[in-house]
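Heads up: the structure comes next, in structure tokens.
The values are calculated or read from the model by the stated rules, or taken from the named source; none is laboratory data. The structure displayed is predicted, hence computed values, not measured ones. Note that we place each Cβ from the backbone using ideal geometry, even for glycine, and neighbour counts take in every protein chain shown. The protein model used for the area step is the full one, side chains on, heavy atoms only, and it has no ligands, DNA or RNA in it. Shrake-Rupley method; radii C 1.70, N 1.55, O 1.52, S 1.80 Å.
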Amino acid sequence: MHRFFVSPDAVHDQQVTLVEEQAHQIAHVLRLRPGQMIVALDNAGWEYEVELTQVGRREVMGEVKKRRPVANEPAVSLTLFLALLKGEKFEWVLQKGTEIGVSAFAPVVTARTVVQVAPNPVKMARWRRIIQEAAEQAGRGRRPQLAEVMTFQEAAGQLERFPLALAAWEGATGCGVREALAGGARPERVALLVGPEGGLEEGEVEMAQAAGARVITLGRRILRAETAGIVGAALVLHELGEVG
């Protein structure tokens with residue numbers, strides 16, 4: 001069944017209402033009709049099996065048949081602090097990161113970031129739409145959050161708030177994701193910082209360490225920035241039992 005995130009007030013008295021882009025997609029792209037089923041997600045961990053009762057161009061309505069908790073959300077909240085990347089690379093990381101289980105994305109401007117201009121509201125809306133569509137496709141129960149673009153100093157300040165923060169750097173040796181997560185209690189929240197094309201500067205690595213981050217390597221081979229974001233996130237989630 002097709003899955004759609006809805007606002008909390010869209011579900012009321014066993015009725016679900018979808019409007020605007022979602023109504024258009026249901027009526028004109030998917031060409032669904034009354035009597036067919038969809039899944040509505042309230043972004044709070046619950047999903048609803050809904051039988052369509054009215055399909056219009058601007059509004060679609062349905063009746064809730066079943067309500068159940070979503071079982072696909074990771075127990076660990078992973079926030080990926082990722083330097084802005086050129087072209088569609090950043091969007092690719094948003095999409096694939098959502099699929100594998102990243103809970104939040106924080107775009108960061110670093111010293112070597114090629115994209116130095118903060119995205120406009122149109123770009124931010126596009127990114128949120130990419131995240132939502134990936135979350136629907138992947139069977140997620142919650143949309144990953146997308147923070148506003150921040151400076152590296154602001155990102156370092158946020159790393160201090162996490163029980164465990166990791167910074168991937170090609171200059172690191174000896175300590176990988178497994179070693180960083182070995183021993184100690186299982187963290188409920190993890191931050192992972194990944195640099196841009198060209199990597200983090202040594203001063204930024206030192207700033208991340210001062211904020212409490214452990215500097216890690218992702219292996220002997222040098223990865224592209226977009227690859228490092230996905231590989232790093234997948235390794236963290238795997239070591240914590242959330243992948244595989």
- Note on the structure: By my count, helices (runs of 4 or more DSSP H) wholly in the stretch 132-244 with at least 3 residues that are open to solvent by less than 30 Å² (accessible area, probe 1.4 Å) and touching a residue at least 60 places away in the same chain (Cβ under 8 Å) are 225-239
- Message: Condition check: under 18 Å from A138 (Cβ atoms) and in contact (Cβ under 8 Å) with a residue 24 or more places away in the chain. Does P74 satisfy that?
- Response: yes
- Note on the structure: Checked R57, R68 against criteria (touching a strand residue (DSSP E or B) at 6+ places or on another chain (Cβ under 7 Å), of a type in the set (D, E, K, R) and either open to solvent by 70 Å² or more (accessible area, probe 1.4 Å) or in a helix (DSSP H, G or I) (or both)); the one match is R68
- Residue check, V236 at pLDDT below 95 and within 30 Å of A40 (Cα to Cα): no
- Residue check, L32 against (1) without any contact (Cβ under 8 Å) to a residue 60 or more places away in the chain; (2) of a type in the set (A, V, I, L, M); (3) open to solvent by 30 Å² or more (accessible area, probe 1.4 Å); (4) in a loop (DSSP other than H, G, I, E, B), all met but one. Which one? (3)
- Message: Can you say whether Q14 is more than 19 Å from K65 (Cβ to Cβ) and of a type outside the set (F, W, Y), as far as the supplied structure shows?
- Response: no
- Item | Whichever residue in the stretch 1-29 is polar (S, T, N, Q) and surrounded by 18 or more Cβ atoms within 10 Å (Cβ to Cβ) and, among such residues, is farthest from Y48 (Cα to Cα) | Q22
- Message: For V102, only one of the following conditions fails: (1) more than 22 Å from A228 (Cα to Cα); (2) within 12 Å of the chain's Cα centre (by Cα); (3) not charged (D, E, K, R). What is its number?
- Response: (1)
- Would you mention how many residues in the stretch 35-54 are polar (S, T, N, Q) and part of a loop (DSSP other than H, G, I, E, B)? 2
- Name every residue in the stretch 71-106 that is in a loop (DSSP other than H, G, I, E, B), of a type in the set (G, A, S) and buried (at least 19 other Cβ atoms within 10 Å of the Cβ), in order of residue number. G101, S103
